[in-house]
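What follows is a set of notes on a single structure, which appears directly below.
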Amino acid sequence: MFMETYSPEETWELGRKIGEGAKAGTVFALTGDLGAGKTVFSKGMAAGLGVTEHVSSPTFTILQIYEGGKYPFYHFDVYRIGDVSEMEEIGYEDCFYGDGVCLVEWADLVRELLPEHYTEITIAADMEKGFDYRKISLEEH
Ligand code: ADP
Ligand code: MG
């Protein structure tokens, strides 16, 4: 299944809708190049979960936890991870197998740690369709 967006706002809105319908315990694995729109999508998802805090890109911390919404929202950005052991150090298992909603930016870098079931969301630009066009694919694993 895939969707197409033509602005950051549309990607944010898609994230919001998916966040609104997300069940506790779901892990969303986001993939896509730098600047694809993973963080835009993540911010929408946080809003959909009812998080009112400002959601920033957690690039330098790997994990940012937002407790204010319907469920805890565990926002990972593993772009700068050196080794998967860093995920163990931050206690990723408590998040992946907990009662919140997890979203992992750059999930392909920690694929071996992903749970048996997760939802993969791939965001891809296509310059032929315009600078702000994105194809957003959803796949259940
Ligand atoms: P990533 O987290 O994947 O590295 P970001 O979400 O931080 O990417 O940045 C995406 C950038 O692309 C933002 O500057 C955003 O304004 C821009 N952009 C343009 N069109 C879109 C779109 N359709 N969806 C999401 N972002 C878009
Ligand atoms: Mg990002």
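What does a probe at residue 2 reach in region 96-115, counting residues whose amide N is under 20 Å from the point 7 Å along Cα→Cβ?
Flagged as within label range: 106-108.
For the chain, give the percent of accessible area contributed by carbon and sulfur heavy atoms, probe 1.4 Å, rounded to a whole number.
Its accessible area is 50 percent carbon and sulfur atoms.
Return the calculated 222 nm mean residue ellipticity for the chain, to the nearest 500 deg cm²/dmol, obtained by summing -39500 (n - 2.57) across DSSP H runs with n ≥ 4 and dividing by the residue count.
Mean residue ellipticity at 222 nm (helix-derived): -7000 deg cm²/dmol.
Take peptides 127-136, 91-100 and line them up by average Cβ neighbours within 10 Å, highest first, as a rough protection proxy.
Descending mean neighbour count gives 91-100, 127-136.
Please list log₁₀ I(q)/I(0) at q = 0.08, 0.13, 0.15, 0.16 Å⁻¹ for the chain, using the Debye equation with identical point scatterers on the alpha-carbon positions.
Those come out to -0.18, -0.50, -0.67, -0.76, one per q.
Take the Cβ-Cβ distance between residue 117 and residue 67 as r, set R0 to 30 Å, and report the resulting FRET efficiency rounded to the nearest 0.05.
0.80
Between 88, 105, 67, which gets the highest mean-square fluctuation from a Gaussian network model of the chain, Cα cutoff 10 Å?
Of the options given, 88 has the highest mean-square fluctuation.
Angle between the Cα long axis of helix 38-48 and the longest principal axis of the chain, 0 to 90 degrees, nearest 10?
Value to nearest ten degrees: 70.
Mind checking which of 124, 29, 46 has the largest fluctuation in a GNM of the chain, springs on alpha carbons under 10 Å?
Between 124, 29, 46, it is 124 that shows the largest mean-square fluctuation.
Compute the length gained on full extension between residue 141 and residue 108: take 0.36 nm times their separation in residues and subtract their Cα-Cα distance, giving the result in nm to one decimal.
10.5 nm
Any chance you could get the radius of gyration and Dmax over the Cα atoms of region 41-121, in Å?
When restricted to the Cα atoms of region 41-121, Rg and Dmax are 11.9, 32 Å.
Within region 1-110, which trypsin sites (Lys or Arg not before Pro) sit in a loop by DSSP and count at most 10 neighbouring Cβ atoms inside 10 Å?
Passing both the DSSP loop test and the Cβ count: 23.
Have a look at region 78-141 and give its Rg and Dmax from the Cα atoms, expressed in angstrom.
In Å, with Rg to one decimal and Dmax whole: 14.3, 42.
So how many Lys-Lys pairs in region 18-141 land under 22 Å Cα to Cα, not counting same-chain pairs under 8 apart?
For region 18-141, qualifying lysine pairs total 8.
Seen from all sides and averaged, what is the projected area of the convex hull of the Cα atoms in region 40-87, in nm²?
3.4
Relative to the longest principal Cα axis of the chain, at what angle does helix 8-21 sit, 0 to 90 degrees, rounded to 10?
Roughly 50 degrees between the two axes.
Can you give the accessible area per residue of region 1-110, in Å², using a 1.4 Å probe?
Normalised by residue count, the accessible surface of region 1-110 is 48 Å².
Given a cut-off of 11 Å, what percent of all Cα-Cα pairs of region 1-44 lie beyond it? All intermediate terms of the calculation are to be shown ahead of the outcome.
Working: 645 of 946 pairs.
Result for the distance tail: 68 percent.
About the Cα centre of region 1-115, how large is the charge dipole given +1 on each Lys and Arg Cβ and -1 on each Asp and Glu Cβ? Please answer in debye to the nearest 20.
For region 1-115, the charge dipole is close to 360 debye.
The values are calculated or read from the model by the stated rules, or taken from the named source; none is laboratory data. Note that the coordinates shown come from a computational prediction; the quantities given were computed from them, not determined experimentally. Every residue, glycine among them, receives a Cβ derived from its backbone with ideal geometry; neighbour counts consider all protein chains shown. Just the protein is used for accessible areas: all its heavy atoms, side chains included, with ligands, DNA and RNA removed. Shrake-Rupley method; radii C 1.70, N 1.55, O 1.52, S 1.80 Å.
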